[in-house]
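The values are calculated or read from the model by the stated rules, or taken from the named source; none is laboratory data. Quick caveat, the model's predicted, so the values are computed rather than measured. Neighbour counts run over all protein chains shown; Cβ positions are idealised from the backbone, glycine included.
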Amino acid sequence: MSKFIVRGGNRLTGSVKVSGAKNSVLPIIAASLLAEEGESVIVDAPPLDDVMTISKVLESLGAGVTYHDDIIQVDARTISTCEAPYEWVRKMRASFLVMGPLLSRMGRTRISLPGGCAIGTRPIDQHLKGFEALGAEINLGQGYIEAKSNGRLRGAKIYLDVASVGATENIMMAASLAEGVTTIENAAKEPEIVDLANYLNSMGAVVRGAGTGVIRIEGVERLHGVKHHVIPDRIEAGTYMAAAAITGGDVFVEGAIADHLGPVIAKMEEMGVTIIPSDNGIRVISDKPLKAVDVKTLPYPGFPTDMQSQMMALLLRSEGTSVVTETVFENRFMHVEEFQHMNAEIKVEGRTAIVTGNARLVGAKVCATDLRAGAALILAGLVADGTTEVSGTHHIDRGYVHLAEKLSGLGADIWRVSLEDSLPEAAKEETAKAEPSRAASLKEEAPGRFQIQPSWV
Ligand SMILES: CC(=O)N[C@H]1[C@@H](OP(=O)(O)OP(=O)(O)OC[C@H]2O[C@@H](n3ccc(=O)[nH]c3=O)[C@H](O)[C@@H]2O)O[C@H](CO)[C@@H](O)[C@@H]1O
Ligand SMILES: C=C(OP(=O)(O)O)C(=O)O
């Protein structure tokens, strides 16, 4: 068990480097399953818990996976089963992305149903509709989904009822080895879709139109392993941009691609933040009071739902009242209650949250209910009076590499404590309440009891 401790009040300055995109690397690792020849080498793979989870899924299928210095190597020539176990699929929805590759390469697959999660029910009907259109027979039972095809999948025209990122990716991967041409209409347009298409194309696939609403895939007979560099994580970048903006800072977010962050940049500029994009990153200068703005999440190129909670933290510190509308997920306001523990005034009405600005945030014990909620609470902690303790760190570890270290590098007063079970209750209580100086001295007094959490590597 661990938590982040944040002491508010520091202005952030300096430079922070963005890691590879979680939402790119996960489908790309899944797509490596399609390589019947050669090894796949995925560079700039961030050492995230989600990356470990998908690697475990691949290993359970018989693939060889190694990780070293942000490089993942996958040998999928050795896959021996097409059944992905509950043990790993339950941990992360993106595990379901192995279904398309397995179905098209092996002609059959059985995968545990991915669970719903805090932010919404997250059905998979569009993935299954796509597989059926490609000729697969789908059966559901005992918590598993089975898909079978009689020979090769056959290309088809598929219209997605919602522009689902995961369904677009799963269908693109399945269609890459299908016979004939597949067209996905109302496809998702996210940069991660383009990254996956580039990866598939360098493996030998023929995918055209990624990044637009219509993607055309001409099936090929075989794909091979390649080396690929994952794009920088636009949501991690947006989170550090928000950290600079909320603290009145001046931060260079190295590696951030302005083209991928259009709506985030537009909203921050509307708030009065100066954004200077360059070839190798984005500089964010926040030297004026922030102005309230309204935000509505939408599929790309709209405002990303994965930045909604971080934006709400900023709006709490802006002048005026803002309206935040979440249209992508039906339950993505769980952070509101946690913000309220920090003295925030927010009223939720259905999919809309009315945020009262100029909040005097106070440090509190709060819980990350999902990945981005955790990031948003840390942002609020950076400007709160006193100390904020954010638990639920396993959510944050899914998507942020060395978050405390990166923020400390910019001057934030944040660190992570891990309480070993052996620590007496009284000491745990004391530490939980401790001021940083006290926690630091406890670290020295009891070496081994406190530690920076190791990453999975
Ligand atoms: C690993 C990954 O890339 N995760 C991202 C991906 O998730 P993910 O791929 O799961 O998100 P989707 O784009 O599929 O979901 C968008 C909406 O479509 C609905 N839906 C989806 C599939 C389906 O078959 N039926 C259906 O109704 C969902 O419930 C949701 O309301 O895109 C989301 C939306 O940008 C991001 O928040 C996630 O960070
Ligand atoms: C919702 C997210 O991810 P996932 O789809 O992996 O749950 C996210 O990255 O904010």
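Quick look at the numbers
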item	result
Pair list, Cβ < 8 Å and 6+ apart or interchain, from the stretch 148-174 residues that are in the same structural domain as Leu200 (by TED's automatic domain parsing) to residues that are of a type in the set (Val, Ile, Thr) and within 16 Å of ligand 2 (Cβ to nearest atom)	Leu160/Thr168; Val165/Ile193; Gly166/Ile124; Ala167/Ile124; Thr168/Ile193; Glu169/Ile193; Met172/Ile193
Test: residue in the stretch 259-271 that is farther than 17 Å from Leu314 by Cβ and surrounded by 19 or more Cβ atoms within 10 Å (Cβ to Cβ)	yes
Residue match in the stretch 19-29 (condition: over 23 Å from Thr239 (Cβ atoms), touching a helix residue (DSSP H, G or I) at 6+ places or on another chain (Cβ under 9 Å) and in the same structural domain as Ser176 (by TED's automatic domain parsing))	no
Selection count where residues are more than 16 Å from ligand 1 (Cβ to nearest atom) and either charged (D, E, K, R) or in contact with a Cys (Cβ under 6 Å, 6 or more places away or on another chain) (or both), scope the stretch 1-26	4
Index of the failed condition, His260 passing every other in (1) more than 16 Å from ligand 2 (Cβ to nearest atom); (2) touching a residue at least 60 places away in the same chain (Cβ under 8 Å)	(1)
Qualifying position, being assigned to a strand (DSSP E or B), in contact (Cβ under 8 Å) with a residue 40 or more places away in the chain and touching a Phe, Trp or Tyr at 6+ places or on another chain (Cβ under 9 Å), among Val366, Val390	Val390
Candidate set: the stretch 298-331, residues that are in a strand (DSSP E or B) and away from ligand 2 (no atom under 16 Å from the Cβ); chosen: the one farthest from Ser164 (Cα to Cα)	Glu319
Only listed residue being surrounded by fewer than 18 Cβ atoms within 10 Å (Cβ to Cβ), touching a His at 6+ places or on another chain (Cβ under 9 Å) and at positive phi, chosen from Gly62, Gly38	Gly38
Any hit, the stretch 311-327, residues being within 16 Å of ligand 1 (Cβ to nearest atom) and surrounded by fewer than 23 Cβ atoms within 10 Å (Cβ to Cβ)	yes
Residue that is nearest to Ala210 (Cα to Cα) [pool: residues in the stretch 147-186 that are touching a Phe, Trp or Tyr at 6+ places or on another chain (Cβ under 7 Å) and surrounded by 23 or more Cβ atoms within 10 Å (Cβ to Cβ)]	Ala174
Verdict on Leu196 being within 14 Å of ligand 1 (Cβ to nearest atom), within 26 Å of Ala63 (Cβ to Cβ) and either crowded, with 24+ Cβ neighbours inside 10 Å or over 23 Å from the mean Cα position of the chain (by Cα) (or both)	yes
First in the stretch 44-73 and in the same structural domain as Leu102 (by TED's automatic domain parsing) and farther than 15 Å from Val401 by Cα, second anywhere and small (Gly, Ala, Ser) and surrounded by fewer than 20 Cβ atoms within 10 Å (Cβ to Cβ), Cβ under 6 Å, 6 or more apart	Gly62/Ser80
Filter result for the condition that a residue is more than 16 Å from ligand 2 (Cβ to nearest atom) and at pLDDT 95 or above, over Val18, Val25, Val74	Val74
Candidate set from the stretch 328-348 (those that are of a type in the set (Asp, Glu) and at pLDDT 95 or above); member that is surrounded by the most Cβ atoms within 10 Å (Cβ to Cβ)	Glu338
Any hit, the stretch 81-99, residues being at pLDDT 95 or above, more than 18 Å from the chain's Cα centre (by Cα), surrounded by 21 or more Cβ atoms within 10 Å (Cβ to Cβ) and not acidic (Asp, Glu)	yes
Members of the stretch 41-54 found to be more than 13 Å from the chain's Cα centre (by Cα), away from ligand 2 (no atom under 15 Å from the Cβ) and surrounded by fewer than 24 Cβ atoms within 10 Å (Cβ to Cβ), listed by number	Val41, Val43, Asp44
